[in-house]
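**Q** First the structure, then my questions, so here it is.
The values are calculated or read from the model by the stated rules, or taken from the named source; none is laboratory data. These numbers come from a predicted model, not from an experiment. When we count neighbours, we look across all protein chains shown, and the Cβ atoms used for this are built from the backbone with ideal geometry, even at glycine.
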Amino acid sequence: MKIHFLNVDLEIESYQNLQPIVEDFGDNVLNLYCGEAHGHHLATFELADRNADADSIISHFCLLIESFDQKAKKLWDNAFTRVFDIGYESGAGRIT
């Protein structure tokens, strides 16, 4: 099976409620989860454009983050984890 790109998820972890980031992203992204997890707050997002490549998706996320209002920007800056999780699909066999 050939390896192919699936999508990029953005995962943010913080000791503060991340709902203002969800609201600031608005309809520009899909919010997969926002709530408590393992004693802190977690929010996960993905872009709706599934035909873009990883670099384009990450660039789009960065543009949106740069346009955050002051409250969301402060939450972003104070988050202890900000991860772009790049997903690929591959088979169990050997690549030849």
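**Q** Among what's in the stretch 1-24 and is outside any strand (DSSP E or B) and modelled with pLDDT under 95, pick the residue that is farthest from Phe68 (Cα to Cα).
**A** That would be Met1.
**Q** Another question, if that's okay. Do the conditions hold for Ile21, that is, is it touching a Phe, Trp or Tyr at 6+ places or on another chain (Cβ under 8 Å) and free of Cβ contacts under 8 Å to residues at least 12 places away in the same chain?
**A** Criteria not met by Ile21.
**Q** Quick check on my filter: what residues within the stretch 2-30 are more than 13 Å from Thr81 (Cβ to Cβ), out of contact with any Asp or Glu (no Cβ under 8 Å at 6 or more places or on another chain) and surrounded by fewer than 17 Cβ atoms within 10 Å (Cβ to Cβ)?
**A** Lys2, Asn17, Gln19, Glu23, Gly26, Asp27, Asn28
**Q** Follow-up question, since we're still on this one. Quick one: is Phe61 surrounded by 13 or more Cβ atoms within 10 Å (Cβ to Cβ) and touching an Asp or Glu at 6+ places or on another chain (Cβ under 6 Å)?
**A** no
**Q** Limited to the stretch 48-62, what total is found for residues that are within 13 Å of the chain's Cα centre (by Cα), at pLDDT 90 or above and outside any helix (DSSP H, G or I)?
**A** 0
**Q** Please give the number of the condition Lys73 fails out of (1) closer than 13 Å to Leu10 by Cβ; (2) charged (D, E, K, R); (3) surrounded by 12 or more Cβ atoms within 10 Å (Cβ to Cβ).
**A** Here Lys73 meets the rest and fails (1).
**Q** So, in the stretch 76-96, of the ones that are assigned to a loop (DSSP other than H, G, I, E, B) and either modelled with pLDDT of 95 or more or of a type in the set (D, E, K, R) (or both), which residue ends up surrounded by the most Cβ atoms within 10 Å (Cβ to Cβ)?
**A** Once the filter is applied, the top-ranked residue is Ala79.
**Q** How do the pairs read when you match residues in the stretch 61-88 that are over 13 Å from Ala43 (Cα atoms) with residues anywhere that are exposed (fewer than 11 other Cβ atoms within 10 Å of the Cβ), using Cβ under 6 Å and keeping only pairs 6 or more apart or on different chains?
**A** Final answer for the pair search is Tyr88/Ile3.
**Q** Let me ask something else. Anything in the stretch 25-48 that is more than 17 Å from Phe68 (Cβ to Cβ) and in contact with a His (Cβ under 8 Å, 6 or more places away or on another chain)? List them, or say none.
**A** Scanning the stretch 25-48 gives a single hit, Gly35.
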